[in-house]
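Step one of this worksheet: look at the structure below.
Readers should treat all values here as calculations from the given coordinates under stated rules, not as data from a laboratory. As the structure is a computational prediction, the values presented were derived from the model and not from experiment. So basically every Cβ, Gly included, is an ideal-geometry build from the backbone, and we count neighbours across all protein chains shown.
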């Protein structure tokens with residue numbers, strides 16, 4: 001599956017709770033990777049982080065794991081319906097993702113397409129989590145966020 005980066009990092013979509021009431025998607029940041037002090041929140045990334053948090057605390061459906069040093073797999077519970085799941089295999093060596101949508105009720109499978117007016121790519125970001133968590137700064141920040149997520 002070839003996905004345009006513009007379709008994944010789509011900033012025109014609304015942000016999920018608790019960020020949905022923010023009037024500005026730009027936030028102050030600090031990172032060991034650069035001097036930039038401002039970033040824009042992306043709803044698809046937040047949805048993937050929330051899916052990871054829910055899987056970790058046992059309140060959400062889905063799963064993510066690493067197959068080997070270069071591949072991860074994710075089953076992401078779609079918000080489009082009670083029986084819809086997004087299945088993704090990500091290959092870090094090539095940067096490619098193979099993704100599909102599975103309906104457990106009808107047992108039909110279709111190609112997953114990330115597009116500004118269709119699926120938002122959260123399932124792809126969810127599949128990236130094992131690789132993202134291997135970064136020390138991401139992992140530390142995620143753990144801090146997870147603690148806040150659990151605290152409500």
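Here are the numbers:
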read-out: Relative packing of peptides 57-63, 100-106 - highest average C-beta neighbours within 10 Å first; value: 100-106, 57-63
read-out: Degrees between helix 136-151 axis and first principal axis of the chain (Cα, 0 to 90, nearest 10); value: 80
read-out: Projected label distance in nm at residue 54 and residue 20, using a 7 Å step from Cα toward the beta-carbon; value: 1.3
read-out: Principal axis dimensions, region 28-71 - Cα atoms, whole angstrom, descending; value: 35, 27, 16
read-out: Shape category assigned to region 1-84 from the gyration tensor of Cα positions, a/c cut at 1.5; value: prolate
read-out: Difference of contour (0.36 nm per residue) and Cα-Cα distance, residue 61 to residue 80; value: 5.5 nm
read-out: Value of [θ]222 nm, deg cm²/dmol, for the chain, DSSP H segments ≥ 4, -39500 (n - 2.57) each, nearest 500; value: -9500 deg cm²/dmol
read-out: Taking N as its residue count, the alpha carbon Rg of the chain over 2.2 N^0.38 Å; value: 1.04
read-out: Tilt relative to the chain, helix 43-57 - C-alpha long axis, 0 to 90 degrees, to 10; value: 80
read-out: Extension gain, residue 94 back to residue 136 (0.36 nm per residue minus Cα-Cα distance, nm); value: 12.9 nm
